[in-house]
Amino acid sequence: MNSIKTLYKLMEVSSRDLEIPDAYQRKLNTERVAKIVAGFNERIANEPKVSFRDGHYYVFDGQHTIVARKHMNGNNDLPILCKVYYGMTEADEALLFAMQTGYSAALTPSAKLRANLRGEVQRIPWSTARSTSGRSIWSAGTSFLTRSPSVPR
């Protein structure tokens, strides 16, 4: 069986050791950090991408996530799982930084709604469905489906 060869090593690095290069990185956007903190979900958070060069860990993707994690930890340093790349130059880092979001597509409103509805629908037993308001029940064979209480009506 062939194993997948990655270009990075997944490893924990202390936030204290992660450096944000001024030469090519954006300035920190505190509003963006606040949004990340407000909606943080560990299951979808990406690992920061880091270049280990000259004995230092340089962040070329993920500075806002790092600051958000630190904020959620009382502004104390903490270990952060990172994708650490080796053998890169500062020029390599800068080019990857410039390319990092070039191919991502924002969700359309309909795709986001469809995913949210699919994620919020749950099976409930018939006895519970009978006592629920009819406007949020959909038939599904011997069971009924209803929106979770967190879904606005």
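Indicate, rounded to the nearest 5 percent, the antiparallel portion of the DSSP beta bridges found entirely in the stretch 1-117. Antiparallel: roughly 65 percent of the beta bridges in the stretch 1-117.
Scoring 8-16, 63-71 by mean Cβ neighbours within 10 Å over their residues and listing the highest first yields 63-71, 8-16. Between Lys35 and Asn76, the simple spin-label model (points 7 angstrom out along Cα→Cβ) gives 3.0 nm.
Using only the Cα atoms of the stretch 1-120, build the gyration tensor, take square roots of its eigenvalues as a ≥ b ≥ c, and label the shape rounded, prolate or oblate: rounded if a/c is under 1.5, else prolate if a/b is larger than b/c, else oblate. It is prolate, given that a/c is not under 1.5 and a/b is the larger ratio.
Read-outs throughout are calculated quantities, based only on the coordinates presented, and are distinct from any laboratory measurement. Only a predicted model underlies this, so the values are computations on that prediction, with no experimental measurement involved. Every residue, glycine among them, receives a Cβ derived from its backbone with ideal geometry; neighbour counts consider all protein chains shown.
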